[in-house]
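Below you'll find the structure, written out as structure tokens, and then a few comments.
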Amino acid sequence: RSAVEIATEALERVQALEPKLHSFISVTADRAIAQAQQVDAKIAAGEAIGPLAGIPIGIKDNLCTQGIRTTCGSRILENFVPPYESTVTQRLFDAGAVMVGKTNMDEFAMGSSTETSAYQVTANPWDLERVPGGSSGGSAAAVAAGQCVVALGSDTGGSIRQPASLCGVVGMKPTYGLVSRYGLVAYASSLDQIGPFARTVEDAAILLRAIAGHDPQDATSLKVEIPDYAAALKPDFKPRGKLRIGVIQETFGEGLDSTVEAAVTTAVETLQELGAEIQVINCPQFRYGLPTYYIIAPSEASANLARYDGVKYGFRADNPENLLDMYAKTRAEGFGAEVKRRIMIGTYALSAGYYDAYYLKAQKVRTLIKQDFERAFQKVDVLVCPTSPTTAFKAGEKTDDPLSMYLSDLMTIPVNLAGLPALSLPCGFDDQGLPIGLQMIGNVLREDILLSVAYAYE
Ligand code: GLN
């Protein structure tokens, strides 16, 4: 089939499922067809086509796409049309990918259920009354439902892995610095990473290779060679016993669903059968991950979001009395409750008199959490644990209780604080038929090992 035929089919599926799922904030049908036509023209002319030629893809709506509205799930950016392309989308388009739309997300990527979006609530394709997880819930749901083949998300504290887990797909957060953040609307800059959603580990590996690699536009971008991750995938671990896998004991405690615990335990047995040596690993500082994150992430967010003042971007409040009133009204009307909560927490933690007690302390604990991982990776090659303590929860269930919402990311957050690569892949179902995710964590820049282990397990 031609790329245009494939794009047309994908767009038909998007249209057919959108009334139920609401995965997309914008469907970019014209762009998709134009990109597909370019691929077909190249094929007709006998020119080389890229590794993603004709592949329908969904892009989280916090990635700037030139000439296409980028809302970040917020009212404050409702009319924002970026004048430039993010590095990752540019690389995908150069590789031949066909963008079907911009996916729904929690406002400014703050949330774990995609319910804080100013536009719509995305449904979990496995049970429409449940959330897809978040904040990249639109991307996860779109891939799970086959509205696109692969998608991009961003992960600051779990926003790729947790929705991947709740929607039964593969989702990966790369090593901090492996993928350029140029053109990603910043949430917490020292934690944010862009990564792939896919139905298989191999597809995730192909997508990762297409977006990874040094970019002079991002000062934190690493100068490293990008291996052909997909070509290196092998079905088992040979020789037996050489690959060491650590199970993080601290993640098997209070609050973990018994069905999730059982599925992850079975997965560990499978990894052993495949030839891995299994060890129990302790990460005692893990439990400080959540409080540390909820100082550092809001602090960075409060600074990053200061730029939305009604002057430079999209939304501006009507009838202000003066300039200061315009700023205040714009931010009061443009930001939702969760975003305001984060800005207030961050501003407080950074203020004179509290900085040492909160922000500086959190940075020190961040180092301790990182050291836990460093010790662990002296003993093992990959760590495993649940991705999220529960399977998909009902829409509305946690919206009035921020703390219980924050707990969804208990097991993903330490990874961001340490800058490590990690992925979530399906490892079974609970008794209601909802997917369960297994998290695998790798050492710095060992995406190759991580993907290989995941591939063998899958
Ligand atoms: N749920 C976490 C938060 O709200 C993580 C979000 C993310 O990774 N973008 O901050």
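Here is how the numbers come out for the structure above:
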| read-out | value |
| --- | --- |
| Subset tally (residues that are surrounded by 22 or more Cβ atoms within 10 Å (Cβ to Cβ) and either in contact with a Leu (Cβ under 8 Å, 6 or more places away or on another chain) or at pLDDT below 95 (or both)) for the stretch 436-454 | 12 |
| Matching residues, the stretch 294-353, being of a type in the set (Lys, Arg) and either within 16 Å of the ligand (Cβ to nearest atom) or assigned to a helix (DSSP H, G or I) (or both) | Arg307, Lys329, Arg331, Lys340, Arg341, Arg342 |
| Matching residues, the stretch 126-148, being closer than 15 Å to Arg199 by Cβ and surrounded by fewer than 24 Cβ atoms within 10 Å (Cβ to Cβ) | Trp126, Ala145, Gly146 |
| Residue selected from the stretch 87-122 under the condition within 20 Å of Leu208 (Cα to Cα) and assigned to a loop (DSSP other than H, G, I, E, B), by the criterion nearest to the ligand (Cβ to nearest atom) | Ala97 |
| Among the residues listed as Arg209, Arg240, the single one being among the basic types (Lys, Arg) and closer than 30 Å to Ala186 by Cα | Arg209 |
| Count of the stretch 89-121 residues which are under 20 Å from Met172 (Cβ atoms) and of a type in the set (Ser, Thr, Tyr) | 4 |
| Those residues of the stretch 384-410 which are over 18 Å from Tyr293 (Cβ atoms) and touching a strand residue (DSSP E or B) at 6+ places or on another chain (Cβ under 7 Å), in sequence order | Val384, Thr391, Ala392, Phe393, Lys394, Ala395 |
| Selection count where residues are at pLDDT 95 or above, within 13 Å of the ligand (Cβ to nearest atom) and either outside the structural domain of Asp257 (by TED's automatic domain parsing) or not in a loop (DSSP other than H, G, I, E, B) (or both), scope the stretch 374-404 | 0 |
| Restricting the stretch 173-228 to residues that are assigned to a loop (DSSP other than H, G, I, E, B) and within 18 Å of Ala140 (Cβ to Cβ), the residue that is farthest from the ligand (Cβ to nearest atom) | Thr200 |
| The lone exception for Asp448 - which of (1) in a helix (DSSP H, G or I); (2) more than 23 Å from Arg341 (Cα to Cα); (3) within 16 Å of the ligand (Cβ to nearest atom) it fails | (3) |
| Residues being farther than 22 Å from Pro132 by Cα, exposed (fewer than 15 other Cβ atoms within 10 Å of the Cβ) and not acidic (Asp, Glu) - total across the stretch 1-42 | 4 |
| Residues located in the stretch 125-161, provided they are assigned to a strand (DSSP E or B), more than 12 Å from the ligand (Cβ to nearest atom) and either within 16 Å of the chain's Cα centre (by Cα) or outside the structural domain of Cys64 (by TED's automatic domain parsing) (or both) | Val150, Ala151, Leu152 |
| Residue within the stretch 375-387 that is touching a residue at least 12 places away in the same chain (Cβ under 8 Å) and touching an Asp or Glu at 6+ places or on another chain (Cβ under 8 Å) present | yes |
| Out of Leu368, Leu407, Leu403, Leu383, sole residue that is surrounded by 21 or more Cβ atoms within 10 Å (Cβ to Cβ) and either more than 21 Å from Gly346 (Cβ to Cβ) or of a type outside the set (Phe, Trp, Tyr) (or both) | Leu383 |
| Scan of the stretch 246-269 for residues that are surrounded by fewer than 19 Cβ atoms within 10 Å (Cβ to Cβ) and either assigned to a loop (DSSP other than H, G, I, E, B) or hydroxyl-bearing (Ser, Thr, Tyr) (or both), ordered by number | Phe252, Gly253, Glu254, Gly255, Leu256, Asp257, Ser258, Thr259, Thr265, Thr266 |
| Single residue of the stretch 87-117 satisfying the filter (small (Gly, Ala, Ser) and crowded, with 24+ Cβ neighbours inside 10 Å) that is farthest from Gly138 (Cα to Cα) | Ala97 |
| Residues (more than 30 Å from Val131 (Cβ to Cβ) and not in a helix (DSSP H, G or I)) located in the stretch 43-58 | Ala45, Gly46, Glu47, Ala48, Ile49, Gly50, Pro51, Ala53, Gly54 |
| All positions within the stretch 1-32 that are among the β-branched types (Val, Ile, Thr) and either touching a Cys at 6+ places or on another chain (Cβ under 7 Å) or within 20 Å of Thr70 (Cβ to Cβ) (or both) | Val14, Ile25, Val27, Thr28 |
| Neighbours by Cβ (under 8 Å, 6+ apart or cross-chain): first from the stretch 257-281, over 24 Å from Glu374 (Cα atoms) and in the same structural domain as Cys385 (by TED's automatic domain parsing); second of a type in the set (S, T, N, Q) and surrounded by 14 or more Cβ atoms within 10 Å (Cβ to Cβ) | Asp257/Thr390; Asp257/Thr391; Thr259/Thr391; Val260/Ser388; Val260/Thr390; Val260/Thr391 |
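The values are calculated or read from the model by the stated rules, or taken from the named source; none is laboratory data. What you are looking at is a predicted structure, and each value in this text was computed from that prediction instead of being measured. Don't worry about glycine lacking a Cβ; one is built from the backbone with ideal geometry, like all the others, and counts go over all protein chains shown.
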